1. Of all DSSP beta bridges in the chain, what percent run antiparallel (nearest 5)?
2. Starting from 0.36 nm per residue, how many nanometres of slack lie between GLU31 and CYS148 once their C-alpha separation is accounted for?
3. Any idea what angle helix 22-39 forms with the longest principal axis of the chain, computed on alpha-carbon atoms, 0 to 90 degrees, nearest 10?
4. By a straight-distance test (C-alpha under 18 Å), which aspartates and glutamates pair with LYS185 as possible cross-link partners, with residues fewer than eight away in the same chain excluded?
5. Using +1 on the beta carbon of Lys and Arg, -1 on that of Asp and Glu, and nothing else charged, what's the dipole of the stretch 106-189 about the Cα centre, debye to 20?
6. Each residue of the stretch 59-73 in order: what ³J(HN,Hα) in whole Hz does its phi give by Karplus 6.51 cos²θ - 1.76 cosθ + 1.60, θ = phi - 60°, with x for Gly and Pro?
7. For CYS133, enumerate residues with amide H under 5 Å from its amide H, sequence gap 5+ or separate chain, H modeled in the peptide plane.
8. Give me the percent of DSSP beta bridges within the stretch 16-101 that run antiparallel, rounded to the nearest 5.
Amino acid sequence: MEPTPSAKAPAAPEVAAVIVSRRRIQRRLDELAGEIAAAYAGCELTVVAVLDGALIFLADLVRRLEMDLRIITLSVRSYSGNGPRPGGPVISGVLPRLEGRHVLVVDDVLDTGSTLSAVLEQVRLCNPASCRCCVLLRKHRRGGGPACAPKVDFAGFEIEDRFVVGYGLDFDGKYRNLSDIVVLKRHWE
Ligand code: 5GP
Ligand code: MG
């Protein structure tokens, strides 16, 4: 017989702390979708999603948006192993014509802001009618964020400056399938 998945599955042994629980995520997504739907009432929306990290956030968010929308995905690599990629984020994928469209860039985390800045720059070069952004997590960086960090229009949660995984976010390709956003023991001082 197949095992029954439990809503309260025990955290993986590598998990030190749950930062945002699955219940809080789902509740906040309802609110976030309401804010986005109100901002784009009567408009057709083009969502540009930054993969791979935003994969699960994107899937849960767009299913709450009962409106005309298109989804475009870009793959962006910001990290290699433990640290930021030398030379900055690498974007792969080609943007289609966005001229005259209302674009919402969806990303998982705003940390230094360099990933989102790079994507927003590409989108703005396409002359959209409007360009806003939505992130699931915004980190409070120790010592303050860089002055160049882009303005975020819609944000799910503010979190401390810690490396988190789960709900689409990975470490070395793993942990994206966790339903909660957690810190691993190896990243917990
Ligand atoms: P930024 O360019 O803002 O410094 O970093 C943003 C990108 O780095 C995010 O889109 C995300 O993919 C990755 N990132 C930043 N912080 C974290 C984190 O705590 N955990 C994981 N897994 N990825 C992160
Ligand atoms: Mg990302």
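1. Working: 12 of 38 bridges.
For the chain, the DSSP antiparallel bridge percentage is about 30.
2. Working: separation 117, 0.36 × 117 = 42.12 nm, distance 2.79 nm.
This chain segment gains 39.3 nm when fully extended.
3. 10
4. LYS185 reaches GLU14, GLU160, ASP161, ASP170, ASP172.
5. Working: 12 positive and 12 negative charges, 15 e Å.
So the dipole magnitude of the stretch 106-189 works out to roughly 80 debye.
6. 4, 6, 6, 5, 6, 9, 9, 8, 7, 6, 8, 10, 10, 10, 10
7. VAL105, ASP153, PHE154
8. Values: 5 of 12 bridges.
The answer is about 40 percent antiparallel.
Values quoted throughout were computed directly from the atomic coordinates according to the rules given, and no laboratory measurement underlies them. Keep in mind that this is a model prediction, so the values were computed, not measured. A quick note on method: Cβ atoms are made from the backbone with ideal geometry, for glycine too, and the neighbour counts reach across all protein chains shown.
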